[in-house]
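Peer 1: Got a structure here, written out as structure tokens. Questions coming.
What follows draws every value from the coordinates through simple rules; no lab data is involved. Quantities reported herein were computed from a predicted structural model and do not represent experimental measurements. Here Cβ is always computed from backbone atoms with ideal geometry, including for glycine, and neighbour counts include all displayed protein chains.
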Amino acid sequence: MRVLVTCALSLALLGGALTPFAAAGAEVSPAGDPVELVDPLIGSSNGGNTYPGAVRPFGMLSFSPTSTAGDQTNTAASNGYSYDTTRLRGFSLTHVNGAGCHPGAAGDVPIFPHTGEMTESPTADVTDATYASDFSHADELAEPGRYRLGLANGAEVDTTVTTRAAVSDLTFPADKPANLLFRTSNSLNGSETAVTRIDEARRTVSGSVLTGAFCGRRGNGGGSNKRSYYRLYFTAQFDRAFTGHGTWVNGELQPGSSEARGGEGYETGAARQGQGSGGYVSFDPSRDQSVRMRIGISYTSQAAAEANLAAEIGRRDTVSTIASDAKAEWRRALSSIEVTGGTTAEQTAFYTGLYHSYLQPNVISDVAGTYWGSDQEVHRIERGQQAQYGNFSGWDQYRAHTQLLALLEPRVAGDFARSLHAYSRQHGGVWDRWVHLSGWTHVMTGDPSAPTLAGFYALGVRDFDATGAYRSLVRQATVPHPDGLSSYGCPGQCIGQRPNLADYLAKGYAPQDTCRCWGGAAETLEDAVADYSLADWGRRLGASPAETDALMERAGWWQHTFNPAATDPATGTTGYQQARNADGSWVAGFSPSTQTGFAQGSSATYTWMVPHDVARLAEAVGGRKRAIERLDAFFHKADGSWQYTGGDALRYDPTNEPGIHVPWMYNALGAPWKTQETVRAMASLAYGTGPRGLPGNDDLGTMSAWYVFAAMGIYPQDPARAEMLLSSPIFEKVTIHRGNGVDITIESPQASAENVYVQSVTLDGAPRTRSWLPESVMTRGGTVRIDVGAEANREWGSSGADLPIYHTD
């Protein structure tokens, strides 16, 4: 078997371990080709749930392996690929990067080169003993826009992609049967139905799968998302005639058949095993071992899939030509940030993080501008819109990813805002908190569209109906919806987007016992962030003071679930977020480690989830000095070492979103040197290279975006505004090209692993003692110089006048 690993970076991957920055890479300056620095295998182990396959920036089609651990209804990871599982049952056409539900979503139409006889229905092979193959990472090459893998069964697949289509060179051994399987019904979560058609005369395989069910296997609400909300159409064309073909339905193999129909359902294990349908085509490899496949997809129709393929991949295009174009497109995208300095490992982690940030949102519109809406109808993009986008992991993304998107790709952010607004209109005015493609899923908690679009606007994104979107979101925040009185889907997928809103408005908090939400305290905190975002955005838009003042007052309602008397029995520390009942009483059984009242986090974490009101939060916990002491204990174990993994409910968890802003909160407490040492520690300890290089679920680029910000030494002060908190950059120089002609330069000539602490800052040559950058730098550009050293400067950024300003009046 030909060895496909060709770059030195791949050698570090073979062990599957996180490679710490301190031990990897010599100093380099400036960064080389960013495409060559990307390693798509980072995050493919350790629960990162990334996928290594071929994809373009924001691409609709992503061609990547589906692994198997011996059960065709389940996979080793949420996106179908785990670095630690070296057996696969196909290469799927669609993926969602880093989703946490298992399995997450998509993984539609696995295609598998089988080098044995077709002896039984692949669906009957419930343990993937026959119609699957082992592989070695030594025979794997993953790079931006291209993926190649040699299988133990002797077949090899080499694929590259455009936005909506792919071209693959398939190589079969000369002395074995050559069959290509289309597991049409075998999406990651299952399917309602599927159809496969084989046209021998046209040398095509086409069909569709009706599926959905994101997070549908959760134990909440009876599996409230076990439903279909999209159909993926595909058409595959081949450069060679078939020597045979057939289909299967459930356990029956049908040689010679040209059409099959049947779905798998949305259960797991025995309830789904043996269900489903697909088809296969055969080739004669004895004289020619190679087969070229061109494939296009669409979410609107079979004709649109064919049109997308015809528009994006010509008959004479090859894997080489399309891969070259894909690499050029990725180079343009990744060059939105240029860095100088750092180690090779740090540059690899940075550009791979940037790469993961460019994987979503995803184009869902056809080349003709048509797309599948949330009302289950075909729509057309608006005038002036370049594409319709789907996949919004709101609860995750609004904490880092959406700001990076707006910073680097303001045109895409504007189209994304248009897309989300369109889905809300198609969904009766409801802005769903987790949109898979265009389908509502209700996953998580809060109202994340508010900080997302407010942040877009603050960062200068203007090419969407800002006033209309604002008015719609204010209505969602102020006018109760009937869904808010339903507990359907709770916890985790509660149907109400502002659950039991009338009760919330009357009491000023979400009662744990009546809120119809995933944790009353968490809902209160999330809604406070959303209401602050709307208030600030409304003031920018010229909304009435009565409206924005009322929303700003609500932004402080986090205080209604802050219990000054809540006590940690181990330390005697008082003052925590705590769920309370409708009668005003506090929910019994409190400890800082409790998750009662919270969503994927503890009281110890959520107590700090007030990014928009840090000054008052500091007062609530006993003043800035006491807040600093508590944060120190939050970030350090009892022995003084850093807490940089999950698993301790009393301390920082870098693997999940509710607390990822907390390392930066020292700036607002007058101790920015502690932000600098904490951010640098988390960036170097929780992140790295190799498959384990992400601390947890990438969550549609959120964790990767956090690292990109940390490496640059800036981070959004709060989700709805454009000011950036300052820390110490990893790189000597960073240039951000915003995509609208605005450039931002961050210089730190002494940057190194040892020089963690900011000594002084200048902005466009003028000294700056404030530990944050104003909005004007983000919207108009500028040059920031951050001089750093090995010893903390406790004077810089520490006076009251230098603290970040939080607008909660």
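Peer 1: Under 8 Å for C-alpha pairs, at least 6 residues apart: give me the relative contact order for the chain, rounded to a whole percent.
Peer 2: So the answer I get is 13 percent.
Peer 1: Still on this model: So for segment 360-561, considering every pair of alpha-carbon atoms, how many percent are separated by more than 24 Å?
Peer 2: 36 percent
Peer 1: Going by how many other beta carbons lie within 10 Å of each one, how would you line up 586, 664, 440, fewest first?
Peer 2: Details: 586 16, 664 28, 440 23.
Taking fewest neighbouring Cβ atoms as first place, the list is 586, 440, 664.
Peer 1: Determine, for each peptide in 723-733, 593-603, the mean count of other beta carbons within 10 angstrom over its residues, then list the peptides with the highest first.
Peer 2: 723-733, 593-603
Peer 1: Amide H of residue 165: which non-local residues (sequence gap of 5 or more, or other chain) have their own amide H closer than 5 Å, using H built in the peptide plane?
Peer 2: Distant-sequence amide H within range of residue 165: 61.
Peer 1: A follow-up question, please. How large is ³J(HN,Hα) for each residue in segment 409-415, as worked out from phi by the Karplus curve 6.51 cos²θ - 1.76 cosθ + 1.60 (θ = phi - 60°), to whole Hz, x for Gly and Pro?
Peer 2: Going residue by residue, I get 10, x, 5, 5, 4, x, 5 Hz, with x marking Gly and Pro.
Peer 1: Over segment 347-431, what relative contact order in percent results from Cα pairs under 8 Å that are six or more residues apart?
Peer 2: 27 percent
Peer 1: In addition: If you take Rg and Dmax of the Cα atoms in Å from the coordinates, which of (i) 31.8, 109; (ii) 33.8, 110; (iii) 26.0, 80 do you get?
Peer 2: Recomputing Rg and Dmax of the Cα atoms in Å here picks out (iii).
Peer 1: May I pose another question? Quick check: from the Cα gyration tensor, does segment 377-430 come out rounded (a/c under 1.5), prolate or oblate?
Peer 2: Taking the square roots of the gyration eigenvalues as a ≥ b ≥ c, segment 377-430 is oblate.
Peer 1: Rounded if a/c is under 1.5, else prolate if a/b is larger than b/c, else oblate: which is segment 49-306, with a ≥ b ≥ c the root eigenvalues of its Cα gyration tensor?
Peer 2: In terms of gyration-tensor shape, rounded.
Peer 1: With the Cα gyration tensor of segment 300-402 in hand, give its eigenvalues times 5 under a square root as the equivalent ellipsoid semi-axes, listed largest first in whole angstrom.
Peer 2: Whole-Å semi-axes of the equivalent ellipsoid: 30, 22, 10.
Peer 1: Output the peptides 234-241, 77-84 sorted from most to least packed, where packing is the average of other Cβ atoms within 10 Å over each peptide's residues.
Peer 2: Sorting 234-241, 77-84 by mean packing, highest first, produces 77-84, 234-241.
Peer 1: Same structure again: Need one number: the % of Cα-Cα pairs in segment 59-209 sitting beyond the 28 Å mark.
Peer 2: Of the Cα pairs, 12 percent sit more than 28 Å apart.
Peer 1: Using each residue's phi in segment 617-624, evaluate 6.51 cos²θ - 1.76 cosθ + 1.60 at θ = phi - 60° and report the 3J(HN,Hα) Karplus result to the nearest Hz, with x for Gly and Pro.
Peer 2: Values per residue, Gly and Pro as x: 4, 4, 4, 5, 8, x, x, 4 Hz.
Peer 1: Only counting other Cβ atoms within 10 Å, I'd like 42, 364 sorted with the fewest neighbours first. Could the numbers behind the result be given before it?
Peer 2: On the way: 42 33, 364 23.
Lowest count first: 364, 42.
Peer 1: Hey, what do the phi angles of segment 744-754 turn into as Karplus ³J(HN,Hα) couplings, whole Hz, using 6.51/-1.76/1.60 and θ = phi - 60°, x for Gly and Pro?
Peer 2: 10, 10, 10, 10, 8, x, 9, 4, 6, 5, 7
Peer 1: If you take the C-alpha gyration tensor of segment 182-267, multiply each eigenvalue by 5 and take the square root, what semi-axes do you get, largest first, in whole Å?
Peer 2: One finds semi-axes of 30, 13, 8 Å for segment 182-267.
Peer 1: Normalised by the residues of segment 360-561, what does the relative contact order come to in percent, with Cα pairs under 8 Å and at least six apart?
Peer 2: The normalised contact order for segment 360-561 reaches 17 percent.
Peer 1: Taking H placed 1.01 Å from N in the peptide plane, check which residues at least 5 places from residue 563 or on another chain put their amide H under 5 Å from its amide H.
Peer 2: Close amide H contacts, sequence-distant or interchain: 576, 577, 578.
Peer 1: Taking amide hydrogens as modeled 1.01 Å from N in the peptide plane, which residues meet the under 5 Å criterion relative to residue 132, leaving out close sequence neighbours?
Peer 2: Amide H neighbours of residue 132, under 5 Å, 5+ apart: none.
Peer 1: I need the peptides 66-72, 701-707 ranked by packing, meaning the mean over residues of other C-beta atoms within 10 angstrom, with the highest value on top. Please report the intermediate quantities before stating the final value.
Peer 2: Values: 66-72: 20.9, 701-707: 29.7.
So the peptides 66-72, 701-707, ranked by packing, come out 701-707, 66-72.
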